[in-house]
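Here's the structure we're looking at; comments come further down.
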Amino acid sequence: MRKENKERNYQKRNKKDSQRFTKGNEKRSAKKETVYVGQEDTTSEDNFVFGHHATVEALQQGRGNKLFLQEDSRGDKVEELKNIAREQSVPVKWVPKQKLDLLSDRGVHQGVVLAITPYEYLTLDQLLEQAKSKTETPFFLILDSIEDPHNFGSILRTADASGVDGIIIPKHRAVGITPIVTKTSTGAVEYVPVARVTNLVQTVQQLKEQQFWVFGTDMEGTNFQSWNAKGSIALVIGNEGRGMSAGLKKEMDELLTIPMVGHVQSLNASVAAGLLMYQAFSQRQGG
């Protein structure tokens, strides 16, 4: 009898141990999954801007959530940031440089990183409505799969200076509004609306229905200095390496070229865009 009782007790202990082990594994698995999902939902490099100018503009536009300052930072610029953060009810946290390096992905943060609400892209209809509330003849820039964030940031900066009413980018295979784009634009991203669309060819067709003239860039075309840039227009800037896609090129009302001499017959995308934007700006201002 004692032997049978001992055997039953042994089996019960094994069963309990097995149940504890199974439940423990389930809890650990659930915990791991919860942490993973949380990271996916809340951690994004696009939710930070860094550098003084970009941070000031984002704060003033009400997009700041928390301001991180390097713990040994001093001076007028730091006081300016603290004052704006106070006005916007944004908490300030002093952290070591290593923390800012991590948040900015080792970008040139100048001792300043701001956690922000994600950038809100417009739809094409929203962009049209917003632009036409300000002018009867909008000027849009369409970026065909620009991949370099520095190029995009520079284009945004020039677009703000030259009166561009909005920028249109594709949702896929192109850079969006990232911290590097925001910093390179020196805050211009807060003033130039950006629409993100699924299909650029369909977008161009919709713009034509709205009486837009659409122009593209190519090695062979009309000299850009002869370009009639008045009225409602959209200018397409192609990818840094491939240029404008063949399907999009077929939709152009006119192709423009920038004459060049020398051995390298191409310009950086942001430089080419800058020349064309200022050509349009000059004409549209009556120059």
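Could you please state, rounded to a whole Å, how far the C-alpha centre of segment 196-259 is from the C-alpha centre of segment 112-145? Using only Cα atoms to place each centre, the spacing works out to 18 Å. With the Cα gyration tensor of segment 130-180 giving a ≥ b ≥ c as the square roots of its eigenvalues, does the rule (a/c under 1.5 for rounded; else a/b larger than b/c for prolate; else oblate) give rounded, prolate or oblate? Prolate, since a/c reaches 1.5 and a/b exceeds b/c.
Distant-in-sequence amide contacts of Ile168, defined by a placed amide H-H separation under 5 Å and a gap of 5 or more residues or a different chain, comprise Leu141, Ile142, Leu143, Ala195. My understanding is that a pair violates if its Cα-Cα distance is over 20 Å; which of Lys97/Lys183; Lys99/Lys183; Lys132/Lys171; Lys77/Lys183 do that in this structure? Table pairs above 20 Å Cα-Cα are Lys132/Lys171.
Over 23 Å apart: what share of the alpha carbon pairs of segment 52-155 falls there, rounded to a whole percent? If you can, show how the numbers build up before the last one.
Working: 2279 of 5356 pairs.
Of all Cα-Cα distances in segment 52-155, 43 percent exceed 23 Å.
Would segment 219-283 count as rounded, prolate or oblate if I go by the C-alpha gyration tensor, calling it rounded below 1.5 in a/c and otherwise prolate when a/b exceeds b/c, oblate otherwise? The shape class here is oblate.
Solvent-accessible surface of segment 188-287, taken per residue with a 1.4 Å probe and all protein chains present: 52 Å².
Phi angles of segment 227-240 translate, via the Karplus equation with coefficients 6.51, -1.76, 1.60 and θ = phi - 60°, into HN-Hα couplings of 6, 8, 9, 8, x, 7, 9, 9, 10, 9, 10, x, 4, 4 Hz per residue; Gly and Pro are given as x. Taking a ≥ b ≥ c as the square roots of the eigenvalues of the Cα gyration tensor of segment 138-287, is the shape rounded (a/c under 1.5), prolate (a/b larger than b/c) or oblate? Rounded.
Only protein heavy atoms count here; under a 1.4 Å probe, Val108 has an accessible surface of about 100 Å².
Take the Cα of Lys134, go 7 Å toward its beta carbon, and the backbone nitrogen atoms of segment 153-194 under 14 Å from that spot belong to 156-168, 188-194.
The values are calculated or read from the model by the stated rules, or taken from the named source; none is laboratory data. In this text the structure is predicted, and so the values were computed from the model without any measurement. When we count neighbours, we look across all protein chains shown, and the Cβ atoms used for this are built from the backbone with ideal geometry, even at glycine. Note: accessible area is taken over every heavy atom of the protein model, side chains too, but ligands, DNA and RNA are not part of it. Shrake-Rupley method; radii C 1.70, N 1.55, O 1.52, S 1.80 Å.
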